[in-house]
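To start, the structure itself, in structure tokens.
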Amino acid sequence: MSLPRVQTRGASAAPESSSALSVHVVTFGCQMNKYDSLLVEGRFRAEGYRLTDDPAQADVLLFNTCSVREHAEERVFSWLGELKHAKRARPDLVVGVLGCMAQRAEDDIFRRAGHVDLVCGTRKIHRLPELVAEVRARRAQGLAPKEQRLLEVGMEEEVAVERGAEEYAGGPCGYLTVMRGCDLNCTFCIVPKVRGRVQSRPIEDLLREARWMVAGGAKVITLLGQTVNSYGEDLAAAEGERGLGRGGRPALADLLYALQPLEGLERIRLITLHPSYVTAALARSIAECDKVDRFLPLPAQSGSDEVLKRMRRGYTTELYRSRLELLRGQVPDLELGSDWIVGFPGESEADFARTLAFLGEIGSVQNYIFQYSPRPETRAFELADDVPDEVKKARNQELLRAAEQSALARHQRCLDTELDVFVEEERPDGRGLRGRSRHNLAVSFPAGVVPLVGRRARVHVEGASPFGLWGSLAP
Ligand code: SF4
């Protein structure tokens, strides 16, 4: 993504009322950040701001950041660096940093980028129009630049999601954050620090938002959570109702049963699950709700119990197997996605061999593989990063090859069959359309005469690779 050239305007050309002000949000990181950016844009629109696609035209420029790796944060600082001169030429511009990096780094951001006006944490994003107005008010009072700054990183609030009169703008495939935060403490992960403890949204709120999305054109809704199957763990059992969660609490299974009858909704997807929270009720609900994709992202991270213990993942490979059995017992054709970390502190050749074997055993069709990199403010940061880089690289390559073989074998089983594909978009290279099957397999095919984006199509599969399938529209 290239850095924008912010045009300079005559100093103090800033329009007075918010109705003439334009906002641009630059989003880094995961789907949850994309959802949050849409939420932030909606709040500004509700306050009369205009959205601009061109950061150079913005009066308010916001960066919704990621903190999962150092590299992600450094990218933001290089954007901010570019803005320094432009901000000097255009002091009316409001520059804000939000999201996980804001939550982790707090006022360090002001120290590294003194021209930033606002640092807003992960639980304050719904207040952004108010915070921008506060910065502008301080400016109008003639306060010194340092006095104008705002740091808002408290974790006490719940992010308020009021959609009000706002139009849904997420397209046929929309995202719905059902909970924030994580109650686990994997030693390599910064999320609990930057996103806090689990906060689940009540089912009736989620149903209301899902209806609003479908009314606005969404056909596929992906339910988002760091450990989406721990949904409801923090909610109380509803009066007179018995949820499928612990002690009668609402659970993800209840949410799936509630969404299944929603007219106009064609597919439900889930991101991301944790093996420890897989239950019989959840497995049954997926089997009984045919809108739920037959694909689950269930990160294993490693195939070695020793490594899983040092990662504090909270399960062993045996538990992972038993939960997978539970799921496949109810949904025999279930496909899996998994994340893997290679080179975690103390990972021996034998540990890595177990990971290779485990990937082959669970047969995950979608795999994200990362080389361990120490992250400040995580517990693993205290562990010696003792696996040499060249060994990490070699293990990464070897696991990648195994993952491609696993995916290719799965894809080849689809040859000469017909798949029900939800068409998501035109291929950027102009060579037809692409979408996903109910098992989340990527499928490309030439366009027909009927516009199909946002609809389902039957595709006859003619070719397979480790990365997807291709074919033609079935007669
Ligand atoms: S489950 Fe572990 S890896 Fe996932 S968000 Fe929580 S702490 Fe991070």
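The values are calculated or read from the model by the stated rules, or taken from the named source; none is laboratory data. Remember, predicted model here, so these are calculated numbers, not experimental data. Reconstructed Cβ throughout: ideal geometry from the backbone, glycine too, with neighbour counts over all protein chains shown. Accessible surface is based on the protein model in full, side chains and every heavy atom, while ligands, DNA and RNA are left aside. Shrake-Rupley method; radii C 1.70, N 1.55, O 1.52, S 1.80 Å.
Specify the angular offset, from 0 to 90 degrees and rounded to the nearest 10, of the alpha carbon long axis of helix 128-140 from the longest principal axis of the alpha carbons in the chain. Relative to the chain, helix 128-140 is tipped by roughly 20 degrees. Computed from the C-beta positions of residue 47 and residue 460 and an R0 of 30 Å, the FRET efficiency is 0.05 to the nearest 0.05. Across the stretch 173-402, C-alpha contacts under 8 Å between residues 6 or more apart give a mean separation that, scaled by the residue count, equals a relative contact order of 18 percent. Our note on the geometry: Cα centres of the stretch 143-162 and the stretch 424-459, 43 Å apart. The stretch between residue 147 and residue 130 holds 4.4 nm of extra length on full extension. This uses 0.36 nm per residue minus the Cα-Cα distance.
Quick check: the angle from helix 31-46's long axis to the longest principal axis of the chain, C-alpha only, nearest 10 degrees? For 31-46 against the chain, the angle is about 40 degrees.
Extension gain for residue 429-residue 330 works out to 31.7 nm (0.36 nm per residue, less the C-alpha to C-alpha distance). Can you figure out the FRET efficiency of residue 368 with residue 234, using R₀ = 22 Å and their beta-carbon distance, to the nearest 0.05? Plugging the Cβ-Cβ distance into 1/(1 + (r/R0)^6) gives 0.20.
Once the Cβ-Cβ distance between residue 276 and residue 204 is put in as r, and R0 is 30 Å, what FRET efficiency do you end up with, to the nearest 0.05? The computed FRET efficiency comes out at 0.65.
Average accessible surface for the stretch 69-127: 35 Å² per residue, computed with a 1.4 Å probe over protein heavy atoms with every protein chain in place. Are there trypsin sites (Lys or Arg not before Pro) in the stretch 253-326 that DSSP marks as loop and that have at most 14 other Cβ atoms within 10 Å, and which are they? Sites meeting the loop and neighbour criteria: 312. Taking a ≥ b ≥ c as the square roots of the eigenvalues of the Cα gyration tensor, the stretch 18-152 is classed as rounded, since a/c falls below 1.5.
The mean sequence distance of close C-alpha pairs (under 8 Å, at least 6 residues apart), as a share of the length of the chain, puts its relative contact order at 9 percent. Between 0 and 90 degrees, the angle of helix 389-412 with respect to the longest Cα principal axis of the chain falls at about 60 degrees.
Extension gain, residue 415 to residue 288, is 43.0 nm, computed as 0.36 nm per intervening residue step minus the present C-alpha separation. Averaged over its residues, the stretch 418-473 has an accessible area of 51 Å² per residue, based on protein heavy atoms and a 1.4 Å probe. Expressed as a whole percent, the accessible surface of the chain that belongs to carbon and sulfur atoms is 50, based on a 1.4 Å probe.
Rolling a 1.4 Å probe over the heavy atoms of the protein chains gives the stretch 173-402 an accessible area of 40 Å² per residue.
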